[in-house]
Amino acid sequence: MKRIALIVFRCLLILPFWMARVKTYYRNRDSVSLQKRYDFICGVDRRLLKTGRIDVVASGMENLPEEQGYLLTPNHQGFADPLAIFASHQNIYKGVVKKELVNAPLIGKVIKMLEYTPIDRQDNRKAVKTIKSVSKELEAGINYLVFPEGTRSRKGNEINEFKWGTFKMATVAKAPIVPVAIVDSFKVFESNNIKKTTVYLKYLEPIRFEEYQDLKTNELALEVEKRVKLGIEELIKLRDGKTSKD
């Protein structure tokens, strides 16, 4: 992909330093705070966005709950989604990722350094253990991010069905759920060009336990999916309005 090649070329000299720092932080994670590790990745993220000619227009940060221990549930368009979230989300969060990513080149070491939680979708017993583990951390005030679709939509700004199992993490912990709408993230790496690209992101109003406690998990998944779809529609209108003015 041309944009990845551009980023690698522009960051070639600093890339070894980044990877060395990731390894050091991972090995010394007991003495290096998660805040410091998170701040480091956010700094890397800013550099990647700049060198990759990627703009992020984010809104709705005021909707993030003041109390920590909430679940972020964005739609998933591509590899640029985490870049947009890191660029706009000041509070530390961990993520739930498919287990295959833990051993992926480069990204796998970052995942380990940030203490992300791998989930095995093919093993229900292990998946249940993961959900329980994440629920405990949510209860302890650690924010988490999970993509309810389970994988990239591959349909542009259309989304796949949200999987209800995702929301067990929140219901067990009685944690607020923050739906997140992302638009045009798929254009960053999925299109074979290096034109300046803008990703639009909005944190929607949180759904607190008091609001969803009477809903079945599948009903909650449908409600969050509906809100994200509406958020996407709003962002597309915002994008098209800006484009017409330009």
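A search for C-beta distances below 7 Å between a residue of the range 11-36 that is surrounded by 12 or more Cβ atoms within 10 Å (Cβ to Cβ) and any residue that is part of a loop (DSSP other than H, G, I, E, B), counting only pairs 6+ apart in sequence or on different chains, returns Tyr25/Val32; Leu34/Ile92; Leu34/Glu115.
On inspection, Ser191 does not qualify as on the phi < 0 side of the Ramachandran plot, within 14 Å of the chain's Cα centre (by Cα) and of a type in the set (Gly, Ala, Ser).
Suppose the filter is under 21 Å from His76 (Cβ atoms) and touching a Pro at 6+ places or on another chain (Cβ under 9 Å); does Val180 pass it? Break it down into steps so the answer makes sense when it comes.
Working: under 21 Å from His76 (Cβ atoms): yes; touching a Pro at 6+ places or on another chain (Cβ under 9 Å): yes.
Yes; evaluated as a whole, the condition is true for this residue.
In this structure, is Phe86 in a loop (DSSP other than H, G, I, E, B) and under 26 Å from Arg208 (Cα atoms)? It is false that Phe86 is in a loop (DSSP other than H, G, I, E, B) and under 26 Å from Arg208 (Cα atoms). Of the candidates Leu145, Leu215, the single residue that is of a type in the set (A, V, I, L, M), without any contact (Cβ under 8 Å) to a residue 60 or more places away in the chain and out of contact with any Ser or Thr (no Cβ under 6 Å at 6 or more places or on another chain) is Leu215.
Look through the range 189-210, keep the residues that are in a helix (DSSP H, G or I) and in contact with a helix residue (DSSP H, G or I) (Cβ under 9 Å, 6 or more places away or on another chain), and return whichever of them is modelled with the lowest pLDDT. If you could, list the steps in order and put the result at the bottom.
Kept after step one, since they are in a helix (DSSP H, G or I), are these residues of the range 189-210: 189, 209-210.
Filter once more, keeping what is in contact with a helix residue (DSSP H, G or I) (Cβ under 9 Å, 6 or more places away or on another chain): 189, 209.
Numbers: Phe189: 91, Phe209: 97.
Restricting to residues being in a helix (DSSP H, G or I) and in contact with a helix residue (DSSP H, G or I) (Cβ under 9 Å, 6 or more places away or on another chain), the top hit is Phe189.
Filter the range 45-73 down to the residues that are among the β-branched types (Val, Ile, Thr) and without any contact (Cβ under 8 Å) to a residue 60 or more places away in the chain and list them by number.
Of everything in the range 45-73, just one residue is among the β-branched types (Val, Ile, Thr) and without any contact (Cβ under 8 Å) to a residue 60 or more places away in the chain, namely Thr51.
When Val110, Val134, Val178, Val172 are checked against the criterion of being surrounded by 14 or more Cβ atoms within 10 Å (Cβ to Cβ) and assigned to a strand (DSSP E or B), a single residue qualifies: Val178. Of the residues screened, Glu161 is not one that is at pLDDT 95 or above, among the acidic types (Asp, Glu), buried (at least 18 other Cβ atoms within 10 Å of the Cβ) and under 19 Å from the mean Cα position of the chain (by Cα).
If I filter the range 219-238 for residues that are outside any helix (DSSP H, G or I), over 17 Å from the mean Cα position of the chain (by Cα) and in contact (Cβ under 8 Å) with a residue 60 or more places away in the chain, do I get at least one hit?
Kept after step one, since they are outside any helix (DSSP H, G or I), are these residues of the range 219-238: none.
Checked the range 219-238: no residue is outside any helix (DSSP H, G or I), over 17 Å from the mean Cα position of the chain (by Cα) and in contact (Cβ under 8 Å) with a residue 60 or more places away in the chain.
For Leu230, the requirement of being surrounded by fewer than 15 Cβ atoms within 10 Å (Cβ to Cβ), within 29 Å of Ala170 (Cα to Cα) and among the aliphatic types (A, V, I, L, M) is met.
The values are calculated or read from the model by the stated rules, or taken from the named source; none is laboratory data. Computed from a prediction, not measured in an experiment: that's the story for all the values here. Positions of Cβ are backbone-derived with ideal geometry, glycine not excepted, and every protein chain shown enters the neighbour counts.
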